[in-house]
Amino acid sequence: MTGIAVPGPTEEKTFWPCLLLIQAPAESNIRNGVYSLDRPVVDEWIGQFEIFMVMITANFERAARPEFLLSEGKSERPSGNETATRAVDTALLDEYSRAVVSAVERVAPSVVNIEVQQRNKNRRGDIAGNGSGFVITPDGFILTNSHVVHAAIRIVVNLSGGRDYPAQLIGDDPETDLAVIRIDAPQLVHVRLADSESLRVGQLAIAIGNPFGFQASVTTGVISALGRSMYSQSGRLIDNIIQTDAALNPGNSGGPLVNSAGEVIGVNTAMIRPAQGICFSIASNTARLVAGWLIRDGRIRRSYIGVAGQNVPLHRRVIRFYNLSLETGVLVVSVEKNSPAERAGLREGDLIVAFNGQPIGSVHDLHKILVGEQIGVSASLTIIRHTEKMELPILPAESR
């Protein structure tokens, strides 16, 4: 077949007539720059002049190699938007890492490992265990969980620097699962308690503790929910519990839950074992209040009236007739002998609907009202006996 000579810029090139097509369609599935380094031929119609320009700039030896298609086809450059997105992702990751590292550096020196020995009532020998805690004052006061140090006969605190100190139990409150211990060590690094009322769901949460004895372990997550309630070992409800997905394990109890500023927002206290990422912490505002009472008095004073109750719905006719604000009340299941309730004339089967004029819809509502300030202070108990509404004077006593 006879070729046609086409003059090039510097030398003559030879092309086959089949290349000199008019209106040759380009393949739409070919990546940009495969056939030419200068112009794309994807999704466009090109004429005789365009074919000529494409072919004179192509490198035939390079095009004959299979590597040419692979290398050029895989060498796509990211668009401007993709580059910007990757840069933003990198910056966000760096900010997240810096926030966690900074918070841990501030709080970790104040986190301690607590080793305890408790008497075994059923078997011979003592029971050994461990938990976590954190220093709240520079003169050695440490906040932890009640279930970590409750009924302990020996408490040893291991600081982050490796030093061991015997600890003294200052105060223990099982009803909020908080306790304060103290060691004789000067100039300790202590934490700052944040305002837990300002927390938001989705906020960064960092847990520091000693799970299974692995000291100073750090896990991160977010605040999953606020305002949860859970029962303490004594049966009372603890309010304002923080739910988080920062992983907790046995040994994390009593350790701090920290925000990105390195402030303690909660005291890690419990997890749901079968679940993944459902953990709970006592809010820092509750911890601050209880810790102050324990340091001052060594215990939390609460009042009681001496009844066992059950939450029950009220009949609609009763609600309408007496214009009650709540649809539930507390059914008196039993009355303790020689208790304030018995002296007030309370009977089994009575429905408690108010205390000092404040509506009572649950046992939890009654617990919240029976605080230390009510000890020895005369109050009025509103009950419904059968269909009759009655007011009984009652004098709450101190809970022991």
Close pairs (6 angstrom Cβ cut-off, 6 or more residues apart or separate chains): over 16 Å from Phe214 (Cβ atoms) in the range 249-264, open to solvent by 10 Å² or more (accessible area, probe 1.4 Å) and part of a strand (DSSP E or B) anywhere: Ser260/Leu204; Val264/Leu193
Residues (touching a Phe, Trp or Tyr at 6+ places or on another chain (Cβ under 7 Å) and more than 11 Å from Val218 (Cβ to Cβ)) located in the range 102-111: Ser110
Residue in the range 115-128 that is open to solvent by less than 30 Å² (accessible area, probe 1.4 Å), closer than 11 Å to His190 by Cβ and not small (Gly, Ala, Ser) present: no
Filtered residues of the range 189-216 (kept if open to solvent by less than 40 Å² (accessible area, probe 1.4 Å), out of contact with any Gly (no Cβ under 6 Å at 6 or more places or on another chain) and either under 20 Å from Arg98 (Cα atoms) or part of a loop (DSSP other than H, G, I, E, B) (or both)): Val191, Ala194, Leu199, Leu204, Ile206, Ala207
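Sort out for me the helices (runs of 4 or more DSSP H) sitting completely within the range 289-400 that have 1 or more residues that are among the hydrophobic types (A, V, I, L, M, F, W, C) and within 29 Å of Ala179 (Cβ to Cβ).
By residue number, 363-369.
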Residue check, Val156 in contact (Cβ under 8 Å) with a residue 40 or more places away in the chain, part of a loop (DSSP other than H, G, I, E, B) and over 29 Å from Ile278 (Cα atoms): no
Conditions (1) within 30 Å of Glu398 (Cα to Cα); (2) in contact with a Pro (Cβ under 9 Å, 6 or more places away or on another chain); (3) open to solvent by less than 30 Å² (accessible area, probe 1.4 Å); number of the one not met by Ala270: (2)
The lone exception for Arg400 - which of (1) without any contact (Cβ under 8 Å) to a residue 12 or more places away in the chain; (2) open to solvent by less than 70 Å² (accessible area, probe 1.4 Å); (3) under 22 Å from Gly235 (Cα atoms) it fails: (2)
Any hit, the range 143-154, residues being surrounded by 18 or more Cβ atoms within 10 Å (Cβ to Cβ), touching an Asp or Glu at 6+ places or on another chain (Cβ under 7 Å) and of a type in the set (Ser, Thr, Tyr): yes
Per-region count, the range 217-251, residues in contact with a helix residue (DSSP H, G or I) (Cβ under 8 Å, 6 or more places away or on another chain), within 22 Å of Ala179 (Cβ to Cβ) and outside any loop (DSSP other than H, G, I, E, B): 7
Test set (1) more than 22 Å from Ser284 (Cα to Cα); (2) of a type in the set (Asp, Glu); (3) touching a Pro at 6+ places or on another chain (Cβ under 8 Å) - Glu115 fails condition number: (3)
Cross-chain or 6+ apart pairs with Cβ under 8 Å, the range 163-182 first and over 16 Å from Gly131 (Cα atoms) and touching a residue at least 60 places away in the same chain (Cβ under 8 Å), then aromatic (Phe, Trp, Tyr) and not in a loop (DSSP other than H, G, I, E, B): Ile170/Phe141; Gly171/Trp293; Asp173/Trp293
Residue among Ile394, Ile369, Ile360, Ile375 that alone is closer than 24 Å to Arg301 by Cα, open to solvent by 30 Å² or more (accessible area, probe 1.4 Å) and β-branched (Val, Ile, Thr): Ile375
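Give the residue, chosen from Ile369, Ile383, that is on the phi < 0 side of the Ramachandran plot and either among the acidic types (Asp, Glu) or more than 38 Å from the chain's Cα centre (by Cα) (or both).
Working: Ile369 fails: either among the acidic types (Asp, Glu) or more than 38 Å from the chain's Cα centre (by Cα) (or both).
Matching residue, one of Ile369, Ile383: Ile383.
Condition test on Val318, is it closer than 15 Å to Thr220 by Cβ, out of contact with any Pro (no Cβ under 8 Å at 6 or more places or on another chain), open to solvent by less than 40 Å² (accessible area, probe 1.4 Å) and of a type in the set (A, V, I, L, M)?
In short, no.
The values are calculated or read from the model by the stated rules, or taken from the named source; none is laboratory data. Keep in mind the model is a prediction, meaning the values are calculated, not measured. Here Cβ is always computed from backbone atoms with ideal geometry, including for glycine, and neighbour counts include all displayed protein chains. These area figures cover heavy atoms from the full protein model, side chains too; ligands, DNA and RNA do not enter into them. Shrake-Rupley method; radii C 1.70, N 1.55, O 1.52, S 1.80 Å.
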